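These notes concern the structure reproduced below.
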Amino acid sequence: RPDPRARVPRAPAGSRRVTPGLGGTPRIVVLTGAGISAESGVPTFRDAGGLWEGHRVEDVATPEAFELDPDTVQRFYDARRRAVASVAPNPAHDALAALERELGDDLLIVTQNIDDLHERAGSARVLHMHGELGRVRCVACEARTEAPGDLLPGPQCPTCGERMLRPDVVWFGEMPYGLDEIDVALAGCEAFVAIGTSGAVFPAAGFVLTASAFGATTIELNLAESEITPFFAESRLGPASRLVPEWVG
Ligand code: BV8
């Protein structure tokens, strides 16, 4: 397992880098993972034993898999898109939306999840670093648009008309979205809170070390100990639907 410390830029003691011109950075950065959606009925990667519809995520969530067997990958994401449409946000999503109504831009939610449960709970400032099930990207013209429904039948790109749409999600080996904005937020925040993530996937797994290197306090809310529990100042164990409303207070 890679040591996350190996990937974290060392912050000079006492430095708090804030890029000028980006205005105020959020006071609180929340990182959510599959665990925050578990009680809504969206299976997590780890609890499903890493298997989705009988596939290992690493075997279908890669550009190579899409190259080799696009129909299986499209079917995998069409099934997940339909499943997410039939579930609802839980009290953990609702509590974060209430917190945003109170804090506004002082709160940034960075989510690894590709579902839209934060938005459906009312959160507006959500950075989907691994993309979104509800959006597609055209392989021909790179346009990113709303998903027109299932991709297996091969619908046309609304921008260029080509029938080369793929899910707008970040696969293993692809560059996550928003890393510059996340980097600035981690350097300037006062608190970093991770909710329902195993810390198994990078670069998200290293965010706690960056935030604490810049002096933020760090809290983990998780059902069980994770790979990154040791790097948090505080770790609270329990279901997100109870821990998050308690933390928001
Ligand atoms: C990249 C979208 C280059 C698709 C996803 C060594 C070092 C560094 C990197 C690597 C390395 N080896 C390989 C890599 C690269 C790789 C990686 O990290 N691989 C892993 C397997 C080692 N990373 C990448 O490829 C990333 N890109 O590195 O680009 C780069 C380099 C440097 C800097 C920048 C870029 C891209 C990774 C994105 C992959 N796409 N999703 C899709 O969803 O289909 S990742 C996918 O898996 C999810 O999005 C999520 O991020 C991850 C699963 O993690 P979790 O969300 O944490 O979910 P999990 O099931 O694991 O855990 C659930 C947790 O919830 C548990 O802790 C459980 O206890 C808890 N829980 C359960 N129920 C509850 C609960 N908690 C509270 N309440 C409950 N009720």
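The values are calculated or read from the model by the stated rules, or taken from the named source; none is laboratory data. Bear in mind that the values here come from a model prediction, so they are computed numbers and not experimental data. Because the Cβ atoms are built from the backbone with ideal geometry, glycine has one as well, and the counts that use them run over all protein chains shown. Ligands, DNA and RNA are stripped out before the accessible areas are found, and what is left, the full protein with its side chains, is counted by its heavy atoms. Shrake-Rupley method; radii C 1.70, N 1.55, O 1.52, S 1.80 Å.
What to note about this one:
- Only one of the numbered conditions (1) in a loop (DSSP other than H, G, I, E, B); (2) surrounded by fewer than 16 Cβ atoms within 10 Å (Cβ to Cβ) is not met by TRP171, and that is (2).
- Test for PRO176: is it of a type outside the set (Lys, Arg), open to solvent by 10 Å² or more (accessible area, probe 1.4 Å) and more than 15 Å from the ligand (Cβ to nearest atom): no
- Qualifying residue in the range 216-231 (condition: within 15 Å of the chain's Cα centre (by Cα) and of a type in the set (Phe, Trp, Tyr)): no
- On inspection, GLU146 passes the criterion of being open to solvent by 20 Å² or more (accessible area, probe 1.4 Å), within 20 Å of PRO70 (Cα to Cα) and in contact with a Gly (Cβ under 9 Å, 6 or more places away or on another chain).
- The combined condition, being of a type outside the set (Ser, Thr, Tyr), in contact with a Phe, Trp or Tyr (Cβ under 6 Å, 6 or more places away or on another chain) and modelled with pLDDT of 95 or more, is not fulfilled by ALA194.
- Residues in the range 203-245 that are out of contact with any strand residue (DSSP E or B) (no Cβ under 9 Å at 6 or more places or on another chain) and open to solvent by 40 Å² or more (accessible area, probe 1.4 Å): GLY215, GLU227, PRO230, PRO239, ARG242, PRO245.
- For the range 179-197, filtered to residues that are open to solvent by 10 Å² or more (accessible area, probe 1.4 Å) and out of contact with any Leu (no Cβ under 8 Å at 6 or more places or on another chain), the residue that is nearest to TYR77 (Cα to Cα) is LEU179.
- Selection over the range 84-116 of residues that are open to solvent by 40 Å² or more (accessible area, probe 1.4 Å) and within 12 Å of the ligand (Cβ to nearest atom) gives a count of 1.
- Residue within the range 223-231 that is part of a strand (DSSP E or B) and either at negative phi or at pLDDT 95 or above (or both) present: no
- With respect to (1) touching a residue at least 12 places away in the same chain (Cβ under 8 Å); (2) outside any loop (DSSP other than H, G, I, E, B), the lone exception for CYS157 is condition (2).
- Checking each residue in the range 63-83 for being farther than 21 Å from LEU127 by Cα and open to solvent by less than 20 Å² (accessible area, probe 1.4 Å) picks out ALA65, VAL73, GLN74, PHE76, ASP78.
- Pairs meeting the criteria (first residue in the range 103-131 and on the phi > 0 side of the Ramachandran plot, second residue in a loop (DSSP other than H, G, I, E, B), beta carbons under 7 Å, at least 6 apart or on different chains) are GLY131/ILE114; GLY131/VAL170; GLY131/TYR177.
- Pairs linking a residue in the range 23-41 that is in a helix (DSSP H, G or I) to a residue that is among the charged types (D, E, K, R) and modelled with pLDDT of 95 or more, with Cβ atoms under 9 Å and 6 or more positions apart or on different chains, are SER37/ASP115.
- Filtered residues of the range 117-145 (kept if away from the ligand (no atom under 13 Å from the Cβ), in a loop (DSSP other than H, G, I, E, B) and under 15 Å from the mean Cα position of the chain (by Cα)): SER123, ALA124, ARG125
- ALA200 vs. criteria farther than 22 Å from LEU103 by Cα, part of a helix (DSSP H, G or I) and either modelled with pLDDT under 95 or open to solvent by less than 20 Å² (accessible area, probe 1.4 Å) (or both): no
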